[in-house]
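Here's the structure, in structure tokens; my notes come after.
Read the figures in this text as sums done on the coordinates, not as results from a lab. Only a predicted model underlies this, so the values are computations on that prediction, with no experimental measurement involved. Here the Cβ is made from the backbone with ideal geometry for all residues, glycine too, and neighbour counts use every protein chain on show.
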Amino acid sequence: MTFHLFRAGKAKNYHYRFQIAGARVQRSTRESSKAKASQVAQRAFDEALILTNGGKVVPTLAAMAQEWLEVNGPISSAAHQRSVETTARLHFYDLGDLPLNQITTSHVELARNQHLVDHKPASANHWLRVLKLIANWAVKREIIRSIPWQVRMLKVQKRPRSILPIAAVAEWFAAVDQVTRADPSVATAIRLMFGLGLRESEAAGARWEWLDWQRATYTPGITKGREAEPVPVPAWLIEQLAPHRQVEGLIAGKRGGAQQHPPGFARKAMKSANLACKIKGITPHRLRGTFATMLSEQGVPIQTIQAVMRHKSPMTTMAYLEKNRDTAAQAQNDIAEKIGFGRGEKVASAAPQTRMDTHVDDYHQSSVDGSSGADSTPAAPTPGE
């Protein structure tokens, strides 16, 4: 409820009270019936709401979300559209019926607490991003002047995300082939994701006419992010695609390329391959992350990876990269080899030897030639040493 009804003293008529745009409003409804008084109060509140917004009616959060879906849904990715739709349908809690400019920080924090009952902090942060997306869109359309709440994201302990180990690639793809024997186009699509860094939807819509066989490049015709640039096609992928080469049509379509796969079509095969190879967390998204990480490990500049993955911002690209400790360890070994630490060579210290260093060197020398140096008995420490 956006207002409060009450009776003052022994008065028969109801009064209403509400706060809007920082101002407190209190009036008599001149009605003794609570139902009629509620209608008067609601009408007064709605009129005040319009006045505070320059005469414009402010839609509710739910109505604004529905409008966003109608306008932006057709030009957004299926996953993005589904995320907003699911949040609006299931997770607005008490916020959905509130006008956008009346949603306060307290409202959002209480709704987030409800969300945290059955969801993790990372999910709560995603929920908040959807709310901000809708509110920012209302600001751009000049429906509200600014977002009326200020709620920070929760701190989330970041965990290393899965990447497909290089040593397991062959075994993993063999498992993929095994579970997709009834529809090999799924395995082809997964290879496109791994070899070209395509999103699942991009692999499903990949077309033969976008593949330049002479230059060994692939230029996606439809992408989620920035304008498409040619992506180099690795030789192994060229070899696997060549026997099925067509002039045009879907590369990995169902029924011989006649029909495009629906969203989520590759997840079942990937999950089965993960189970067979005892690998966790390899999804279409993490296969794309594996592609980016492998390029980075080979020394490809972040700007080039950004262009190949069709990201608008390098920060988005960096979010895909995972730290590989094996790669870091190999780099450390390579550095050790270059400076002479890795071949058992003795590296002279620039620091002057201490008395203990001298004794240690004398001991090692005596062990080699059988002599004991000037004095085989170590000198006793002097008092105070």
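Near the amide H of ILE144, within less than 5 Å, lie the amide hydrogens of VAL139, all on another chain or at least 5 residues away, with H placed in the peptide plane. Going down the list LYS155/LYS271; LYS254/LYS312; LYS158/LYS312; LYS278/LYS312; LYS132/LYS271; LYS280/LYS312, which pairs span over 26 Å between their C-alpha atoms? Pairs exceeding the cut-off: LYS155/LYS271; LYS254/LYS312; LYS278/LYS312; LYS132/LYS271; LYS280/LYS312. Each residue in MET318, MET270, MET64 was given a count of other beta-carbon atoms within 10 angstrom of its own, and listing them fewest first yields MET318, MET64, MET270. If R0 equals 51 Å, the separation of the Cβ atoms of ARG245 and ASN125 corresponds to a calculated FRET efficiency of about 0.65.
Quick one: net charge around HIS126, please, counting Lys, Arg +1 and Asp, Glu -1 for every other residue with C-beta under 12 Å from its C-beta. So the surrounding residues net to +4. Net charge in the neighbourhood of GLU248 (other residues with Cβ under 12 Å of its Cβ; Lys, Arg +1, Asp, Glu -1) is +1.
For the stretch 2-14, the Karplus equation 6.51 cos²θ - 1.76 cosθ + 1.60, evaluated at θ = phi - 60°, returns couplings of 9, 9, 10, 9, 7, 10, 8, x, 9, 5, 7, 7, 7 Hz by residue, with Gly and Pro reported as x.
Footprinting exposure proxy ranking of ILE147, ILE190, fewest other C-beta atoms within 10 angstrom first, gives ILE147, ILE190. Between the stretch 155-220 and the stretch 1-36, the alpha-carbon centres lie 63 Å apart. Neighbour counts of C-beta atoms inside 10 Å place LYS36, LYS140 in the sequence LYS140, LYS36, starting with the fewest. Of the GluC sites (Glu not before Pro) in the stretch 154-263, which ones lie in a loop per DSSP and count no more than 15 other C-beta atoms within 10 Å? Sites meeting the loop and neighbour criteria: GLU227, GLU248. Amide H contacts of VAL231 (H built 1.01 Å from N, in plane; Pro and chain starts excluded): TYR218, THR219 sit under 5 Å, all sequence-distant by 5 or more or on other chains. Kirkwood analysis of the stretch 1-100, using all unique Cα-Cα pairs, places the hydrodynamic radius at 15.8 Å.
Placing unit charges on the Cβ atoms only, positive for Lys and Arg and negative for Asp and Glu, gives the stretch 105-220 a dipole magnitude near 740 debye about its Cα centre. Whole-Hz Karplus values for the stretch 275-292 come out as 5, 5, 9, 6, 10, 10, x, 7, 10, x, 5, 6, 5, 5, x, 4, 4, 5 Hz, taken residue by residue from phi with 6.51 cos²θ - 1.76 cosθ + 1.60 and θ = phi - 60°; glycine and proline positions read x. Volume of the convex hull of the stretch 4-52 (Cα atoms only), normalised per residue: 57 Å³.
3J(HN,Hα) couplings calculated from phi for the stretch 110-126 with the Karplus curve 6.51 cos²θ - 1.76 cosθ + 1.60 (θ = phi - 60°) are, in sequence order, 5, 5, 5, 4, 4, 5, 6, 4, 10, 9, 7, x, 4, 5, 5, 5, 5 Hz; Gly and Pro show x.
The charge dipole of the stretch 57-176, taken about the Cα centre with unit charges on the Cβ atoms of Lys, Arg (+1) and Asp, Glu (-1), comes to about 540 debye, rounded to the nearest 20. Based on C-alpha pairs under 8 angstrom that are at least 6 apart in sequence, the stretch 1-44 has a relative contact order of 34 percent. Summary value for the stretch 166-326: 28 percent relative contact order, contacts being C-alpha pairs under 8 angstrom separated by 6+ residues.
Sparse packing (at most 15 other Cβ atoms within 10 Å of the Cβ) combined with a DSSP loop state is found for the following GluC sites (Glu not before Pro) in the stretch 52-142: GLU142.
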